[in-house]
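So the structure is just underneath, and the comments pick up after that.
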Amino acid sequence: MKIVLATPLYPPEIAEPAPYIKELAKHLARLHDITIVAYARLPEKVHGVLILSVDKRQPLLLRLFSYFFALLRAAHRADIIYAMNGASVELPAALVALFTGRPLIFHVGDAAAHERAKQSRVLHFIEHFAFSRAKCVLNDSPGPRPEIIPLEPFHAEKMTAYERSWDAHLRILEETFNHVA
């Protein structure tokens with residue numbers, strides 16, 4: 001399956017959803033053809049994953065148009081668009097899904113962006129429009145990665161729980177992808 005991951009943040013940034021998308025791409029690339037469309041200046045590479053980046057230092061309208069066209073280009077060869085919440089991705093992803101007919105799945109992984117959408121009429125409208133175009137809106141996320149601190153004992157059980165949470169999350173995604181594709 002060819003999957004496009006659309007995200008407002010990507011490493012080297014550390015705020016969510018950046019680390020989630022990179023880890024997700026690593027997992028999905030084992031079985032699928034993955035393309036990431038991200039607002040990123042110097043995106044970190046993931047083996048076997050194509051990354052299309054849009055420089056977020058551009059003026060807002062130019063940045064949104066650039067992202068829309070990068071996502072449109074990626075979506076033409078995709079089976080599914082999996083997008084993170086956040087107005088800068090929601091609007092272009094909803095429009096691309098509308099124009100291409102590709103199934104759109106949203107993941108509400110950025111709680112701060114979701115809260116901002118509740119506080120602003122414009123952002124709420126964009127979020128509502130985008131989510132109404134989606135085949136599915138997911139809230140499920142894997143657990144947080146355990147912090148490894150030098151000179152402190154390593155807690156293997158925490159790492160095992162983290163890996164199990166990813167296994168469960170990936171099962172949900174695979175079922176969703178197979179259902180909507």
| message | Based on this model, can you work out whether residue 106 counts as at pLDDT 95 or above and part of a strand (DSSP E or B)? | response | yes
| Across the range 64-78, what is the number of residues that are part of a helix (DSSP H, G or I) and open to solvent by less than 50 Å² (accessible area, probe 1.4 Å)? | 9
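Does at least one position in the range 140-150 carry a residue that is part of a helix (DSSP H, G or I) and not polar (S, T, N, Q)?
No - not one qualifying residue is present in the range 140-150.
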| remark: Checked pairs for the range 154-181, first under 12 Å from residue 27 (Cβ atoms) and surrounded by 12 or more Cβ atoms within 10 Å (Cβ to Cβ), second among the charged types (D, E, K, R) and modelled with pLDDT under 95, C-beta under 7 Å and 6 or more apart or across chains, list as 169/140
| said: Considering only residues that are open to solvent by 40 Å² or more (accessible area, probe 1.4 Å), in contact with a strand residue (DSSP E or B) (Cβ under 9 Å, 6 or more places away or on another chain) and not charged (D, E, K, R), which ones fall in the range 25-63? | reply: 42, 48, 50, 53
| message | Can you tell me how many residues within the range 64-81 are closer than 11 Å to residue 2 by Cβ and in contact with a strand residue (DSSP E or B) (Cβ under 9 Å, 6 or more places away or on another chain)? | response | 7
| request: Inspect the range 121-134 for any residue being among the acidic types (Asp, Glu), touching a helix residue (DSSP H, G or I) at 6+ places or on another chain (Cβ under 9 Å) and part of a loop (DSSP other than H, G, I, E, B) and give the result as yes or no. | output: no
| said: Of everything in the range 111-132, what is open to solvent by 100 Å² or more (accessible area, probe 1.4 Å) and under 14 Å from residue 94 (Cβ atoms)? Give them in sequence order. | reply: 125, 128
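The values are calculated or read from the model by the stated rules, or taken from the named source; none is laboratory data. For clarity, every value in this text was computed on a predicted model and none was experimentally measured. Neighbour counts are summed over all protein chains in view; Cβ atoms, including those assigned to glycine, are modelled from backbone coordinates with ideal geometry. These accessible areas exclude ligands, DNA and RNA; they are computed on the full protein's heavy atoms, side chains included. Shrake-Rupley method; radii C 1.70, N 1.55, O 1.52, S 1.80 Å.
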